[in-house]
Amino acid sequence: SEFDGSVMFEEGYQYGNMQKNVPPGSFMRFGNQVLFDHHSGMFRLYTYDLTTGEVSSYCKDATCSHRSCAASGLLGNLEVYKGKIYAMTESWLIAEIRDDEKVILHKAQVNDFFHHNDKLYVRTPDSALVVFDKGSDQPRVILEEYTGYWHVIFGRYLYAHSGGIIRVDLTAENPEVEVIVPDASGIVEGNHIYYVDRKTDYLYRCDMDGSNVECLLEQPVLRASLNFDDEYFYYRLHDGTPLYEGENCHDIYRFPKSDPTKIEKIVTLEEAAYEVFTVPGTDKIFVRTVAAEGEERPIYVMNTDGSDVTRLEIPEY
């Protein structure tokens, strides 16, 4: 469906995109824009306009060199929560990105962070998990020793990865890490956990407590490619290393979460597909590609059914 900009969709938190890369987060919906980071010698923050398809720097100052403005000096951990933009600076500090400035929220360095229920959760450099309650400048320790990453919260549980897929009961008096899917790597969707087994790379899913395991695909699947939106699950096959070699690496597949047997190939790209990013409410997905060193690794945007594939033209500054 065409996005004409006249309808403002409900801002859905992008759980899938917050479970990619370390530190996590990219291709974040912000009104009629999708914010994403791109490295061309240095980290820069860009916007994709959903109404025009145009890519531009987040900083709109035509005279700016983008070396110290709000669009630069960031490391990642891009997050949009309740209409505000957050990212981590090169100094490993949490910043709120306002129109033309980066506002540092806390003086302490972090490994990564995310928001949930008006609380700010942080993994510290000395491997503790802490939370800043709404309006508080003082962190409350949840776990003193903690190695998880790719955090999302559903119900009373925080889900993450550490050797396998883990969860922590945030309502417990003494929270503990519970391994619910050992020796696996995946993505937590809210109704199910989708994961690849580390021995075979076959694709499985299970309930949120690790029960009712079902094998969805007896073919190796690339963990980095996994993502989901309200209706579909997306992935690419894994031919081995390097990731850009093999006959299957250019194809992206999807299936409806309501019926994983209905697999369809939606697109074959010129380069090898690497990561799929979903943007709820827009009928768009973005795909980062992977290639041999020195070769171009373009980013593509397309409709969720794989139609209207467009290579992003990213301006150099």
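Observations on the model:
- Taking each of Lys20/Lys119; Lys199/Lys265; Lys107/Lys284 in turn, the alpha-carbon distance tops 31 angstrom for Lys107/Lys284.
- The stretch 64-115: trypsin sites (Lys or Arg not before Pro) in DSSP loop, at most 15 other beta carbons within 10 Å: Arg67, Lys82, Lys107
- Contact order, relative form, for the chain: 11 percent (alpha carbon pairs under 8 Å, 6 or more residues apart, mean separation divided by residue count).
- Cα gyration tensor, the stretch 127-250 - rounded (a/c under 1.5), prolate or oblate: prolate
- Taken per residue, the accessible surface of the chain reaches 46 Å², heavy atoms only and a 1.4 Å probe.
- Each part reduced to its alpha carbon centroid, the stretch 58-137 and the stretch 188-258 end up 30 Å apart.
- Anisotropy class of the chain from Cα gyration tensor, a/c 1.5 cut: oblate
- For the stretch 67-122: rounded, prolate or oblate by the Cα gyration tensor [a/c cutoff 1.5]: oblate
- The trypsin sites (Lys or Arg not before Pro) of the stretch 177-217 that DSSP puts in a loop, and whose beta carbon has at most 14 other beta carbons within 10 Å, are Arg198, Lys199.
- Within the accessible surface of the stretch 208-272, defined with a 1.4 Å probe on protein heavy atoms only, the carbon and sulfur portion equals 42 percent.
- Charge dipole (debye, nearest 20) of the chain; +1 at Cβ of Lys and Arg, -1 at Cβ of Asp and Glu: 620
The values are calculated or read from the model by the stated rules, or taken from the named source; none is laboratory data. Model, not experiment: these values are computed from the prediction. Don't worry about glycine lacking a Cβ; one is built from the backbone with ideal geometry, like all the others, and counts go over all protein chains shown. Side chains are part of the model used for accessible areas, which takes the heavy atoms of the whole protein and leaves out ligands, DNA and RNA. Shrake-Rupley method; radii C 1.70, N 1.55, O 1.52, S 1.80 Å.
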